[in-house]
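The values are calculated or read from the model by the stated rules, or taken from the named source; none is laboratory data. Keep in mind that what you see is a predicted model, and the values were worked out from it rather than measured. Note that we place each Cβ from the backbone using ideal geometry, even for glycine, and neighbour counts take in every protein chain shown. Protein only, heavy atoms only, side chains kept; ligands, DNA and RNA dropped before computing areas. Shrake-Rupley method; radii C 1.70, N 1.55, O 1.52, S 1.80 Å.
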There are 4 protein chains.
Amino acid sequence: MSHNSYGHLFRVTSWGESHGPAIGCVVDGCPPGIVLTEADIQTWLEKRKPGTSRFVTQRKEPDTVRILSGVFEDERTGGPRTTGTPISLVIDNVDARSKDYTDIRDKFRPGHADYAYWAKYGIRDYRGGGRQSARETAVRVAAGAIARKVLDAAVKGGVMIRGALIQIGKEKIDRKAWNWDECAKNPFWCPDAKTAERWETYLDEVRKRGSSVGAVIEVVAENVPAGWGAPLYGKLDAELAAAMMSINAVKGVEIGAGFGAAELSGEENADEMRAKRGKPHFLSNQAGGILGGISTGQPVVVRFAVKPTSSILNPRKTVTVDMQETEIMTKGRHDPCVGIRAVPVGEAMMACVLADHYLRHRAQMGE
Amino acid sequence: MSHNSYGHLFRVTSWGESHGPAIGCVVDGCPPGIVLTEADIQTWLEKRKPGTSRFVTQRKEPDTVRILSGVFEDERTGGPRTTGTPISLVIDNVDARSKDYTDIRDKFRPGHADYAYWAKYGIRDYRGGGRQSARETAVRVAAGAIARKVLDAAVKGGVMIRGALIQIGKEKIDRKAWNWDECAKNPFWCPDAKTAERWETYLDEVRKRGSSVGAVIEVVAENVPAGWGAPLYGKLDAELAAAMMSINAVKGVEIGAGFGAAELSGEENADEMRAKRGKPHFLSNQAGGILGGISTGQPVVVRFAVKPTSSILNPRKTVTVDMQETEIMTKGRHDPCVGIRAVPVGEAMMACVLADHYLRHRAQMGE
Amino acid sequence: MSHNSYGHLFRVTSWGESHGPAIGCVVDGCPPGIVLTEADIQTWLEKRKPGTSRFVTQRKEPDTVRILSGVFEDERTGGPRTTGTPISLVIDNVDARSKDYTDIRDKFRPGHADYAYWAKYGIRDYRGGGRQSARETAVRVAAGAIARKVLDAAVKGGVMIRGALIQIGKEKIDRKAWNWDECAKNPFWCPDAKTAERWETYLDEVRKRGSSVGAVIEVVAENVPAGWGAPLYGKLDAELAAAMMSINAVKGVEIGAGFGAAELSGEENADEMRAKRGKPHFLSNQAGGILGGISTGQPVVVRFAVKPTSSILNPRKTVTVDMQETEIMTKGRHDPCVGIRAVPVGEAMMACVLADHYLRHRAQMGE
Amino acid sequence: MSHNSYGHLFRVTSWGESHGPAIGCVVDGCPPGIVLTEADIQTWLEKRKPGTSRFVTQRKEPDTVRILSGVFEDERTGGPRTTGTPISLVIDNVDARSKDYTDIRDKFRPGHADYAYWAKYGIRDYRGGGRQSARETAVRVAAGAIARKVLDAAVKGGVMIRGALIQIGKEKIDRKAWNWDECAKNPFWCPDAKTAERWETYLDEVRKRGSSVGAVIEVVAENVPAGWGAPLYGKLDAELAAAMMSINAVKGVEIGAGFGAAELSGEENADEMRAKRGKPHFLSNQAGGILGGISTGQPVVVRFAVKPTSSILNPRKTVTVDMQETEIMTKGRHDPCVGIRAVPVGEAMMACVLADHYLRHRAQMGE
């Protein structure tokens, strides 16, 4: 058991604080022979990188990843390839401004884990939130990049994993206007161009007010074979729920129809089947591609809710380490909607959970 | 890694099929010296037992639990006490009617895991759903009863864990009318007497139609000390999410404000603090008692959505094992709203996750 | 983490006390589709069963195993087959004579774990040694029978696992006379007929003296493919060492040349290779079939030392629970050389470790 | 499950290759509040460092460790202290001479894991042995330094862990002359000054011959409280066996009387007890401080055998990757007796296993 690891066979162990020298992770269990370069990982880190628009934190971190082990190249290998040994990834912290955080040394920021860490450990690295900072999610994205490689090697045609922001505050997208291609064209990973425009105005207003707002993300994995996952506590959906809930600020997770399923009748909810080329063809996907904890071959659909950034410029009531009542205004450079950068993180977690379940499936069932 | 185990230090390994000779589990890691009798466990099993009202399955299972190991009594112990060695629990299946299931031997029931199991394993015990049956949740409740004992020994005043059904179909309770005492007075664990009456009529109508409906359950744990849980993937909320999502038919989980948090502003969401007897007193509980994956001392609040029972009397389109298109009507004795019996199961999972995190906390921090 | 489980993907969770109603285990992770009957398991239990000769305990236990889950049979399956879900095994205790143990309720038996358990737990089931009893090894043998089935399905021609007793007290076998067929012909699993005769006389003498003696067991697995195992802490030899050391009374484990390797030169120790049908042919097997924690295709050779039975009829100095000095004579029915019945146990542990590593190999490498 | 991790609650995840940019590890689960500096770790690394005498490899590695996370210092903490979050350690490789290894790119070195890795992974970093190199043991020593800190904070008076080389080739120490203080005075960690002198001549001769020789190491932990460890597969001795066997080149492990126990009678083997200040006082320590997998309060005594270095200057028969028969002479800079530097590694593994079991004990039992 390791509190800072996830996955069982595709296993990621993460380390690092927001304002320490670096953050990183070790990925163990990756199959050998997969072509892997730093550029393969960097591509995905760029999606999560801070400072890319005015709607995310202005901290300037290049998030350059280095591979320290587990990859080898010589004439025989035809490119750098994984060797089956642990892959150590490191990302240096270069733009930490710890003095911004002197104020919170003695105060607990509401909505943050400051008090919880203090109550548990009696010591904490308060600079930038230390270990509780969302900065750690960069290593999830890096690990997710390797997981994608594993999945692409595993499944003919590859597994397509895409995420989108589908709600900011009370503003939801128009699902009928969903176009995956739009996601890369606006700073929100919004699949609906018109809504993206509306969000721009809305979020500018939130940002100027020094406030923040929550969001909902949807991540979809297509071309996942039927049969991945397992009863009864190693369920694919249970582990997706844990993975998404482990992302900073996430407060809810749902699969397929999710909370909406509570309102359906049995007839509406149970996805009917017809036969198509020797496989079941489902007439709907209320299940979100998972039944009994096992994939059905339909797209795996997960949604998660991100609470508003707790670091806001408006003063809030709080207490000090010595239990004096006071107020706090969180300076520093923060995302007005931390949900935006959670999109690539959610994708990465989906990739990691699927890669893990692929290896687990292969263990019990062969190929 | 074990697909059929949960918990790390308070570890439950479950086994058994719906129509096999018995179901059961092994609970490992329980501290020694705790008074434990079969009656202590039976009490909770009664809450989940089938056949207690017309709104749940009419299968007649006494669900009598036997303790086969891990408890010892002599003059010195003053009652039967846990010894710190594995506790083996067995519940016999006595009212399995396998012939009801002949029809599904060759057909995949929509909404059930029939096809997913088949796609994975190529073999399945179709009788009563075999391993995928909600019958397995009895062992969760049994394990949860032991977890409650561990928690009560751990925390002065005990940890109070209670669950309630807060929504059936589109019918929600009136939260202002919430009264925990009502839960035991109606067949729904409904905390609001008036809503319970309404549900009775509503569910009778659903049942007579041969249909089914979903539900939402809320589980609250009070008196959980601050500091339980851990960063970053061993988060208390992440593991609660996995635990609840692993229950049969669950499609969504949320903590505190949950999906509602997406609609809040930073000011509304971040729970402000005042000081009270040397501890923070929170002015709200949007966090649901967990920040950064660690408990804050506030009540831990989890909600989960249960889809409608997939076994319905109305014919549905499906395919056979040989991919012939056909229809199916699921006979057998089923719950019109499987969410009702999920209430004690949710409580049990809360108890198990908390007991596990208590032991994990004690490992790293001492007492 | 579970103190009473072993294996990662072929995972055995054991429970039960010597004088409780039963002992048993849950085997999780077994691939589906393997033909498995109670008779398949019973065969191996007979080898370990007490009461088969005057050289082992006279406790009369039929050791009849029941399979409670994880196996299913109908017309389609062609015999009872594993379903991929947990297999629950139970063996009833039928000849427990707890009153024999009244004396040890208050005294710690030297060489036994009585004091250690007391120091740890502050409570113990003293009857027959409770959880520390070698009775538990019956479930290892049962689990090992399933592991053998997994291995036979995995490797063309099957994996042959055989154990032999190669030393009792100071009396060693003549390795040149080694004949596996002899093992079943004497009550010692001795591969050398002449030595077996000598041991008979020797052990009769030990037994009549009310004393006991230690032993060394060798277990060999043939036809293990090259490539099973893994760096660096999941090494095949490291896990074999743990598995054997976890057997009651074992005090030493060695692989291949073992402690003898310390006395060799580099030239003598490193097994040279020639080519044979596209594979290396090793000219010796000092390595015991494992290099760098990974199998080489040579026979896997493990030896382990078992201490003399601590239950002897001659009085020994000890203390009581209340730290009074006293003496103890251990009544009850004991093996004069517990090493004899450790042979099938060692074989079973070899089978379980190999089955686990087979699944782990398959996870990372495919088939 | 992670092949490159060990420990359950004090968990070390190791990464890195002999000739990659660096090696390192992540230590998760360390309690917070422990003073920890790089110097605290460096002290122990100096003991294992190459190039300290002519009897070990001449590779010049300063083995300078950097702490990248998990430790925090400000005015409040009074020195750098662990925070309870993962501790990332990195040691750069500075003197890798990869060209020395061109020859082994295509040949399998007998006694090394070259062929085993190839058979498993189909790719390997052959430079300096890549992941199979004993260079990795530096990170074990670094992790062990932290484990010692945990133990010293846990037990009043600290846990004293010391190792000694007690045999080189056939040359054993005189146990009567054992003096721990001598260990630091000779290049062998030999506790017997006269034997150390003899070894010097002997090993010079081995070295000049271009050969190598094996060794036996003994590691003793004093002041370990009674009650650490657990039945039945989480036994303290089982996990010590795995830990020691996982060290490169180890072929045998024993606890207390070890293989010698096979030759003892029950009377000789079972350590008798007298009472002393409210605790048992054992009259001997054949058990090596562990009974039933649980510590008894006596010194924990482990011995392990290290095979001779496989890299020798004399040509040996082998095959190429393409299964051509050939010979090999292993150049590079090697230890004539790799057992010498295994002494601090064995100490470190003892420390890690004990720290892990301390946390596990605390989880189940409190303090």
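Points to keep in mind about this one:
- With an a/c value of 1.5 or above and a/b not larger than b/c for the gyration tensor axes a ≥ b ≥ c computed over the alpha-carbon atoms, chain D is described as oblate.
- Every Cα-Cα pair in segment D:53-143 was counted, and those over 23 Å apart are 45% of them.
- Separation between Cα centres of segment C:293-367 and segment C:119-181, rounded to whole Å: 7
- Mean accessible surface per residue for the protein assembly as shown, computed with a 1.4 Å probe while every protein chain stays in place, in Å²: 31
- Partner chain coverage, peptide D:164-173 - average Cβ within 10 angstrom: 2
- Distances between placed amide hydrogens fall under 5 Å for C:S212 paired with D:G266, D:E267, all partners being 5 or more residues away or on another chain.
- Here segment D:165-219 has 48 percent of its accessible surface on carbon and sulfur atoms, given a 1.4 Å probe and all protein chains in place.
- Peptide D:283-291 has a mean of 4 when you count, residue by residue, the C-beta atoms of other protein chains within 10 Å of its C-beta.
- Mean Cβ count within 10 Å, highest first, over the residues of peptides B:263-272, D:52-61, A:177-186, C:243-252: C:243-252, B:263-272, D:52-61, A:177-186
- For peptide B:216-228, the mean count of partner chain Cβ atoms within 10 Å of a residue's Cβ comes to 2.
- Computed over protein heavy atoms with a 1.4 Å probe, the carbon and sulfur contribution to the accessible area of segment D:262-345 reaches 47%.
- Expected 222 nm ellipticity per residue - DSSP helices of 4 or more, -39500 (n - 2.57), all of chain B, to 500: -8000 deg cm²/dmol
- Computed over neighbours whose Cβ is under 12 Å from that of D:N179, the net charge equals +1, Lys and Arg +1, Asp and Glu -1.
- Summing charges over all other residues whose Cβ lies under 11 Å from the Cβ of C:C25, with Lys and Arg as +1 and Asp and Glu as -1, gives 0.
- Amide hydrogen proximity for B:H3: with H placed 1.01 Å from N in the peptide plane, no residue at 5 or more positions away or on another chain lies under 5 Å.
- On Cα atoms only, tilt of D:342-365 relative to the major axis of chain D in degrees: 40
- Toward the positive end of the charge dipole of chain B, with +1 on the Cβ of Lys and Arg and -1 on the Cβ of Asp and Glu, the farthest Cα among B:G157, B:S5, B:N248 is that of B:N248.
- Minimum 30 Å² accessible area buried by the other protein chains, segment B:255-270 residues, probe 1.4 Å, relative to alone: B:I255, B:F259, B:A261, B:A262, B:E263, B:G266, B:E267, B:N269, B:A270
- Relative contact order [Cα under 8 Å, 6+ residues apart], chain A, whole percent: 22
- In sequence order, calculated HN-Hα J values of segment A:270-281 (Karplus, 6.51, -1.76, 1.60; Hz; x Gly/Pro): 6, 5, 6, 10, 10, 9, 8, 6, x, 10, x, 10
- Chain-alone versus full-assembly comparison, segment A:1-20, residues with accessible loss of at least 40 Å² (1.4 Å probe): A:M1, A:H3, A:N4, A:H8, A:L9, A:R11, A:T13, A:W15, A:E17
- Taking 23 Å as the straight-line reach from the Cα of D:K49, the lysines in range (excluding those fewer than 8 positions away in the same chain) are D:K60, D:K99, D:K149, D:K185, D:K208, D:K251, D:K307, D:K331.
- Proximal charge balance of D:V300 [Cβ under 14 Å; K/R count +1, D/E count -1]: -4
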